[in-house]
Ligand SMILES: C[S@@+](CC[C@H](N)C(=O)[O-])C[C@H]1O[C@@H](n2cnc3c(N)ncnc32)[C@H](O)[C@@H]1O
């Protein structure tokens, strides 16, 4: 699924059922992938801690989707200026709607405001948005997140400056 | 998810370590218990130290944040200081949000303020000093490294690596299986990376931004040969750095240090003015918390770190052992750095700085003169980890 300007660096595939049977898979996979991607970075340590943080948040969201049926494929691509991480999985109608609504706004400033108001809910012991972790990575790390629906597959794309 | 949370009553500090990525709130009971206990016992200022927590997920962050709120509300006389590290990207981002919700919270980046002289050491005016020094040291150090146990194919970590010249030279000479450099100066690291790239070696020579006193991103027992050159002497608590060097060194591996007796740098003719100059320079370093007379103290520090086979050798750089031209360039770089950055940080006046400049110039003349002599004493020490 890499375009001509995007070079596929690595692709990893999980059986969704296996992935979702142990919470620690999020942490392990995030750290492993982050280290792999960062091994050639200017500052491998800092880059890897940052990448692991953002990948883990997205994997935790995916874990909570409880999509047990098919596979989860993670593709890592290099577009020269950006690192692109595609999380490809099939999703129930309900989950697709959730992401459609989450991605209806793509104004970064607006999303930061939403994050702050969601944090306020946390502080007030109210229930916060279930994707608050995604708001946070957009607000804190300038991660660009997008969602694309293709036949049979849904792609959550994470783009960060290389 | 493996994290530790500990409260130290003496420092009134809760320290978080490891990786905190829980699935459920129950996994954070220890955090809640420790924070509640700390809030109960602490008076005045409570410190929450996150500088060794490599990861935290949002779920844990929210719990910690809520608990901080509980403490702030329940203890109106308590102030909280959150300690973060510039090495851990999430810590500054996440913790800054907390300040938006609660009063009596402050955030301190602990690695902004390791030791009083940090600013003068980490600025880019120091780069010419480091570059030229390595050049005149290497011919002798190469031999001493081998005598102190560095062999081809070993894995090497150079802590406080500066601009990376040493790493490049070790790479060429000893062909290590792996070599990394860690430093806390961004200008130095940028310089080091540029040189590696220019030489087509950026895949082999890896430079990491980090704090020598907190190398949490390196596993225990990872390297065969751990070096820390001309650097223990700049810290006011060298034993803390040594502890980390020891931790990352393999059992049977070596820790290798070099340090100076800077005030004993000599020259002839004009010996007196030259000696006085270096004594003054050493005092100015001392004023900023750096001990450039650390060389002879290494034996006792290495013993305290429980190393065996401790060996100490002199490495005397003289006008005989190195090119006079290169030695002169080193002293020029010292003069420019010490009479400007260092003297200014010491709040020395113009007259003092002029006199000091003349002292360095006398040393330069001694080096240039065919009948003159100059020396710079460095001490090389190593020990084996049991
Ligand atoms: C005197 S220089 C020696 C550099 C190098 N080893 C050499 O001999 O060229 C000390 C180095 O320690 C670095 N440094 C200071 N504090 C540090 C810390 N807490 N962690 C890592 N490096 C640090 C400075 O940026 C500087 O590059």
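The values are calculated or read from the model by the stated rules, or taken from the named source; none is laboratory data. Computed from a prediction, not measured in an experiment: that's the story for all the values here. Don't worry about glycine lacking a Cβ; one is built from the backbone with ideal geometry, like all the others, and counts go over all protein chains shown.
Here are some notes:
- Filter pass, residue A:58 being touching a residue at least 40 places away in the same chain (Cβ under 8 Å) and in a helix (DSSP H, G or I): yes
- Tally of residues being within 35 Å of the chain's Cα centre (by Cα), over 15 Å from residue B:48 (Cα atoms) and part of a helix (DSSP H, G or I) across the range B:63-90: 2
- Only one of the numbered conditions (1) crowded, with 19+ Cβ neighbours inside 10 Å; (2) away from chain A (no Cβ under 14 Å); (3) away from the ligand (no atom under 14 Å from the Cβ) is not met by residue B:60, and that is (2).
- Residues located in the range B:190-211, provided they are in contact (Cβ under 8 Å) with a residue 12 or more places away in the chain and either more than 12 Å from chain A (Cβ to nearest Cβ) or within 8 Å of the ligand (Cβ to nearest atom) (or both): B:191, B:195, B:199, B:201, B:210, B:211
- Scanning the range A:44-78 for residues that are away from chain B (no Cβ under 14 Å), touching a helix residue (DSSP H, G or I) at 6+ places or on another chain (Cβ under 8 Å) and modelled with pLDDT of 90 or more turns up A:72, A:74, A:76.
- Wholly enclosed helices (runs of 4 or more DSSP H) of the range A:79-162 bearing at least 2 residues touching a helix residue (DSSP H, G or I) at 6+ places or on another chain (Cβ under 7 Å) and either buried (at least 19 other Cβ atoms within 10 Å of the Cβ) or within 13 Å of chain B (Cβ to nearest Cβ) (or both): A:108-123, A:132-141
- Residue match in the range B:214-224 (condition: away from every other protein chain (no Cβ under 14 Å) and closer than 20 Å to residue B:338 by Cβ): no
- Residue in the range B:101-111 that is under 26 Å from residue B:259 (Cβ atoms) and surrounded by 15 or more Cβ atoms within 10 Å (Cβ to Cβ) present: yes
- Among the numbered conditions (1) more than 11 Å from chain B (Cβ to nearest Cβ); (2) modelled with pLDDT of 90 or more, the only one that residue A:31 does not meet is (1).
- Scope the range B:1-22; condition without any contact (Cβ under 8 Å) to a residue 24 or more places away in the chain and under 28 Å from residue A:24 (Cβ atoms); matching residues: B:2, B:4
- Against the test of being at pLDDT 95 or above and assigned to a helix (DSSP H, G or I), the options B:256, B:278 yield a single qualifying residue, B:278.
- Single match in B:348, B:354 (criterion: at pLDDT 95 or above and assigned to a loop (DSSP other than H, G, I, E, B)): B:348
- Single residue of the range B:134-189 satisfying the filter (within 8 Å of the ligand (Cβ to nearest atom) and within 14 Å of another protein chain (Cβ to nearest Cβ)) that is nearest to residue B:111 (Cα to Cα): B:184
- Being closer than 19 Å to residue B:330 by Cα and in the same structural domain as residue B:349 (by TED's automatic domain parsing) is a property that holds for residue B:271.
- Residues of the range B:212-234 classified as in a strand (DSSP E or B) and either closer than 21 Å to residue A:50 by Cβ or more than 9 Å from the ligand (Cβ to nearest atom) (or both), total: 5
- Subset of the range B:92-132 [within 12 Å of the ligand (Cβ to nearest atom) and within 13 Å of chain A (Cβ to nearest Cβ)]: B:111
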